[in-house]
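The values are calculated or read from the model by the stated rules, or taken from the named source; none is laboratory data. The structure presented is a predicted model; accordingly, all values stated were derived computationally and were not measured. Note that we place each Cβ from the backbone using ideal geometry, even for glycine, and neighbour counts take in every protein chain shown. Only protein heavy atoms, including side chains, enter the accessible area calculation; ligands, DNA and RNA are left aside. Shrake-Rupley method; radii C 1.70, N 1.55, O 1.52, S 1.80 Å.
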Amino acid sequence: MSVRGPRVAIVGCGLGGIAAAVNLKRRGIYDFVIFEQSDGPGGTWWDNRYPGCEVDIPSHAYSFSFLTYDWSRTHARQEELQAYAQHALDKFKLRRHCRFGTRVESATWDEEAGSYEVALGDGSRERFEVVISCLGLLNYPRYPDWPGLSSFEGAAFHTARWEHEHDLTGKRVAVVGTGSTATQVVPAIASSVSQLYVFQRQPGWVLPKGERDFTPRERALYRRFPLLQKAWRLYHFYQFRQGFKGYDLGGERQRRNLLACRAYIEKTIADPEVRKHLTPDYPWGCKRSVLATDFYPALNRDNVELVPHAVTKVTPNGIVDETGVEREIDVLVMATGFQATNFLASLEVRGVGGVSIHDRWDGDAAAFLGITVPDFPNFFMLYGPNTNGGFSVIANLERQAEVAARTVARMRRRRVRAVDTKPAALDRWVRWVDAQLHKNASAMEANCTNYYHSKSGRNVTQWPKPHGEYYLLSKVLPYFGFTERGSR
Ligand code: NAP
């Protein structure tokens, strides 16, 4: 290890990678590289460029606490979020640390050297004492395994890999899925395509988002008084906290949310048959609830048909649902989500004794604070297991970046070689998280399909509380859960 301090590899230049870099710099750690496989920053906001792509958390809350911005809308669109990532790189002078178009394949711990050997996509290898994975949770597309998919003669693509070269004007298009992504795509393309089929396997609970452009006066005010933005941010967190009881399985607040969604269906959907198909039969909050203002109105259009069935097969010219009906289409859009439970899907991490993190997890990912795993010293994850939720993910990413950067700074200060996680700390953490999630609307007992559960049935993605609890725990628990060994 160099005298100046640990050399750090940050994997991913999304908002998590940026938070990690800013936090390292704040603590005087400058020897780090941000690897990014894409050609620019933004992570999910670089990958997801589908029509209608827009955040569903208020912009002032979906931004860093340390970087205010002249947001143009209450809920920023993809282009603006990507521009925010660019702005952050400039503001914090991070560009010289970035290596775009460079994929990290693996990180292998070398006990003797006290460092990771990091293998890059071009076949080269580099040494880093610390690795911070900022790969995100919803980054590895879930492609369906429908028979016949490869024989389809039209264009077929996943929403996270939108192929903009295909002009959809006047085309017959199928959108498969009705999650947060599909409900943005459908209204965005409905008026230009000739026919749109929306395949729904299980409906979600939907409410309008309330998005709009900020007025010039509002923008001027926010620019002039950045503290106002911070105040709004806090207010949004407070509001979310007030509404969190909605996730209590069987609770009154949950019932009220459900009634509001039902009333919204009644008010917005013209056809009683479609209303029936859009009404879920499971508790509110079991699936990730959808905020979409234009989705239901789009379903009222003459050229849009809601097909309330799963897709089972694809033919060269069409798509077949579970009832056996085939519909001819020109373009197939898979809004089928991500392999959320498959943590670190694109990164092979090996720890003490060469053990692979995926073998250790065996499909059931778990990490102390969602950040560290015993026997994987000096390895940190942002947006790891059980850290999805609690309102704005940006706030969680900041907490995780702080834990990683604080630990690295401490390693440098105390000349420590390796920081590892106590197995007992992870066990206690998992038991506590599981107990909390048992009372949560996303529990298996609520009986919906969601992307939260591993094959064993454990909820491995969700954080069970508002952000404040994570804030406190991330400040305190590292003092008890980490061990230090060796000196340099
Ligand atoms: P998702 O919520 O996992 O939805 C995938 C959809 O595809 C579901 O409706 C699913 O049906 C359907 N599906 C999968 N296989 C199918 C099949 N064989 N036949 C028919 N339907 C099938 O994925 P997503 O919409 O991409 O959203 C993922 C997450 O990304 C969200 O929960 C949210 O956290 C985030 N997101 C956020 C925003 C934002 O504005 N901030 C926007 C987009 C996404 P089932 O429901 O039956 O499984």
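Worth a mention:
- Across the accessible surface of the range 176-325, with the other protein chains kept in place and a 1.4 Å probe, carbon and sulfur atoms take up 53 percent.
- Mean-position separation - Cα centroids, the range 323-399 and the range 108-167, in angstrom: 12 Å
- Antiparallel bridge percentage (DSSP; both residues within the chain; nearest 5): 45 percent
- Under the span-like rule (Cα at least 18 Å along the axis, Kyte-Doolittle mean at least -1.0), DSSP H helices of the chain: 226-243, 393-414, 423-438
- Which of 264, 140 is most accessible, then next, and so on - probe 1.4 Å: 140, 264
- Separation of the range 1-68 from the range 246-290 is 36 Å, based on Cα centroids.
- About the Cα centre, charge dipole magnitude for the chain (Lys/Arg +1, Asp/Glu -1 at Cβ), debye: 2580 debye
- Rolling a 1.4 Å probe across all protein chains gives residue 167 an accessible area of roughly 100 Å².
- D_trans [Stokes-Einstein, Kirkwood Rh over alpha-carbon pairs] for the range 17-56, 20 °C, 1.002 mPa s, µm² s⁻¹: 177 µm²/s
- Rounded to the nearest whole angstrom, the semi-axes of the ellipsoid equivalent to the chain, taken from the Cα gyration tensor as √(5λ), stand at 38, 25, 23, largest first.
- Sequence-separation-based contact order of the range 1-155, relative, with Cα cut under 8 Å and 6+ spacing, percent: 30 percent
- Each residue of the range 453-458 is assigned a 3J(HN,Hα), and the resulting list reads 9, 7, 4, 6, x, 6 Hz, derived from the Karplus form 6.51 cos²θ - 1.76 cosθ + 1.60 (θ = phi - 60°), x at Gly and Pro.
- Under the convention that each Lys and Arg Cβ holds +1 and each Asp and Glu Cβ holds -1, the size of the dipole of the range 1-101 around its Cα centre is about 620 debye.
- Of the residues 359, 110, ranked by 1.4 Å probe accessible area with the largest first, the sequence reads 359, 110.
- Peptides ranked, highest mean first, by Cβ atoms within 10 Å: ranges 420-427, 130-137, 52-59: 130-137, 52-59, 420-427
- Charge context of residue 65, other residues only, Cβ under 15 angstrom, K/R +1, D/E -1: +4
- What the chain shows is 43 Å² of accessible area per residue, with the surface traced by a 1.4 Å probe over protein heavy atoms.
- Unsatisfied cross-links (Cα-Cα over 32 Å) in the set 287/313; 25/465; 93/245; 171/455; 245/276; 91/455: 93/245; 171/455; 91/455
- Partner aspartates and glutamates for residue 439 [C-alpha distance under 13 Å; skip if fewer than 8 residues away on the same chain]: 248
- Considering only alpha-carbon pairs that sit under 8 angstrom and 6 or more positions apart, the relative contact order computed for the chain is 20 percent.
- Between residue 359 and residue 27, the FRET efficiency from the beta-carbon distance, with R0 = 35 Å, is close to 0.60.
- With every protein chain in place and a 1.4 angstrom probe, the accessible-area ranking of 286, 448, largest first, reads 448, 286.
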